[in-house]
Amino acid sequence: MNNILKTTFLLSLLTILLVFMGGAVGGQGGMIVAFLMAAVMNFGSYWFSDKIVLRMYNAQEITREIHPSFYGMVERLADRAGLPMPKVYIIPDDSPNAFATGRNPAHAAVAATEGVLRVLTPDELEGVMAHELAHVKNRDILISTIAATFAGAISMIGSMLQWGAMFGAGRRDDEEGGGGSLIGSLAMAIIAPIAAMLIQMAVSRSREYLADASGAEICGRPLALAGALRKLHAASQAIPMVDARPATAHMFIVNPLTGGGLMSLFSTHPPMEERISRLEALATRTH
């Protein structure tokens, strides 16, 4: 429940930031125009992103006949979670990872790399696929799209504000003998989109915690998922995903991109140690 409340709070922050930025650049009219532009782009992403990302990673759909053990595992977990059977894909990549996509539970897909099928035990693989099905059940793709819509609108308003400050407000300030408004507008144009991006990533991290907890409930083995995360974190660092892209990094169970230090602020995934610690605590409470 804490993660649900946190997601609600973060989405509310994005809404407030959008309203504030819209009022700064052009009142309500400017806000609505930028929001509609972002909504159109993200609406298209929501409907077609599953096909785009599966094609991007050269994912191959499998059936029960092609891969009976893996397909059957996903089928059992989907039934346990009360979900329709998703499409199942395998990505020809040695880096161990997995993700879920699709606009709703009735149009969902789960994908795993060849590497994850090799590295994990059957129990650990169940934990990973249960995590991905939890994303489907919790409608995280819809939530991520909403967050992206607001963040995109704020970025557009920031650009509008930046150009307006440089070519409009700056001349007015020169005539009035002051440059405070120009500096303030430019600062807002730079800071607000960064803040929106950080909030969007915080939403993603919150949903990962929730998917871990829900996935552990679906598979019934929190420690198996914890062990899988530990293995995947080490293996994905040793064997990075060659075709990984920042725009899709948030979809994977572990971040396919490498980087620490300042980059951790911009991570779409929570710290691995904290995810494992929470799962171990969950296992203690349930036994």
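Of all trypsin sites (Lys or Arg not before Pro) in the range 42-130, which ones are in loop regions per DSSP and have a Cβ with at most 10 other Cβ atoms within 10 Å?
On the way: sites: 51, 55, 64, 76, 80, 87, 103, 118; in loops: 64, 103.
Answer in residue order: no site qualifies.
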Notebook entry, point to check: Which distance in nm do the two modelled labels at residue 65 and residue 274 give, with both placed 7 Å along the Cα-to-Cβ direction?
Noted result: 4.7 nm
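A short reminder: the numbers here are calculations on the coordinates, not readings from a lab. These figures come from a predicted structure and were not determined experimentally. Neighbour counts are summed over all protein chains in view; Cβ atoms, including those assigned to glycine, are modelled from backbone coordinates with ideal geometry.
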